[in-house]
Amino acid sequence: MLGTITHVSTQDAVVGLTFDDGPHPEFTPRLLEILDRHQVRATFFMVGKVAQRHLELVRQVAQAGHAIGNHSWDHPSFPLITRRERYAQLRACAQAIAPYGQRLFRPPYGHQSVASRFDALVLGYQVVTWNVVAQDWLDRDANWIVNRVKERIRPGSIVLFHDALCDLEAEQYIDRGPMLAAVDMLLERLGDRFRFVTIPELLRHGCPQKRNWYRRGNVEWLDALIDQTRPSRS
Ligand SMILES: [Zn+2]
């Protein structure tokens, strides 16, 4: 089946935390410090264009033992671009995160068509989405995020966070502080119940659960999402 991995079926108390859209020169180092303090390994789905500007940070993430996956070159909705563009997106990102990147792809916005799923397969990628969403792009505080994730997390879960929000206009400032505080609290509270591991390690703990994950890009929806994430205090 040409499925998309959403989580893993396992008896082991392991969970994969994933961080999309980075690296970010301010927030990724702060996140690395938190993960390190809790001795946790995670997976970073990086945007190639950003990674290329922060190669030292890419290296730091890899050397800390985290996994790095492909989140495209500049975060377009894959069903909305051509096959040729999709290949270019995947290859350019792979080049930016080399030699650390693994053949794991997370589609921007979680958007995927049968054709775009097939293209990832042709280039040798496993497509990994999630089954727990932290919704950390909304204007929420850390407690809200922690409670939301705590209610949903199970052995084998793959959790979606963002260490940056690449979709915002230019360098518009968006505070990732609540996300960082939430991750810290979550690891504090769940650290003795779960072991947090990279996606490649999570996949070794059980049977990957795959879904026919097809979601179309929708321009109005994207605009609304971007509006939502604009700081209200502008
Ligand atoms: Zn993204």
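Structural remarks
- Criterion violated by E151 - all others in (1) exposed (fewer than 12 other Cβ atoms within 10 Å of the Cβ); (2) within 16 Å of N131 (Cα to Cα); (3) at pLDDT below 95; (4) not β-branched (V, I, T) satisfied: (3)
- Odd one out for A88 among (1) surrounded by 22 or more Cβ atoms within 10 Å (Cβ to Cβ); (2) farther than 28 Å from G156 by Cβ; (3) without any contact (Cβ under 8 Å) to a residue 60 or more places away in the chain: (1)
- Tallying residues that are within 16 Å of the ligand (Cβ to nearest atom) and surrounded by fewer than 16 Cβ atoms within 10 Å (Cβ to Cβ) within the stretch 111-132 yields 0.
- For the stretch 41-52, filtered to residues that are within 15 Å of the ligand (Cβ to nearest atom) and in a helix (DSSP H, G or I), the residue that is nearest to A64 (Cα to Cα) is A51.
- Selection count where residues are more than 16 Å from I97 (Cβ to Cβ), surrounded by fewer than 17 Cβ atoms within 10 Å (Cβ to Cβ) and of a type outside the set (D, E), scope the stretch 35-71: 3
- The set of residues in the stretch 30-40 that are in contact with a helix residue (DSSP H, G or I) (Cβ under 7 Å, 6 or more places away or on another chain) and more than 16 Å from the ligand (Cβ to nearest atom) comprises R30, L32, I34, H38, V40.
Every residue, every condition in (1) at pLDDT below 95; (2) within 16 Å of G22 (Cα to Cα), yes or no:
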{"site": "V122", "(1), (2)": "no, no"}
{"site": "D139", "(1), (2)": "yes, no"}
{"site": "V146", "(1), (2)": "no, no"}
{"site": "E171", "(1), (2)": "yes, yes"}
{"site": "R176", "(1), (2)": "yes, yes"}
{"site": "A182", "(1), (2)": "no, no"}
{"site": "R189", "(1), (2)": "no, no"}
{"site": "D192", "(1), (2)": "yes, no"}
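The values are calculated or read from the model by the stated rules, or taken from the named source; none is laboratory data. Owing to the predicted nature of the structure, the values given are computational and were not obtained by experimental measurement. Quick reminder, even Gly has a Cβ in these numbers, built from the backbone with ideal geometry, and neighbours come from all protein chains shown.
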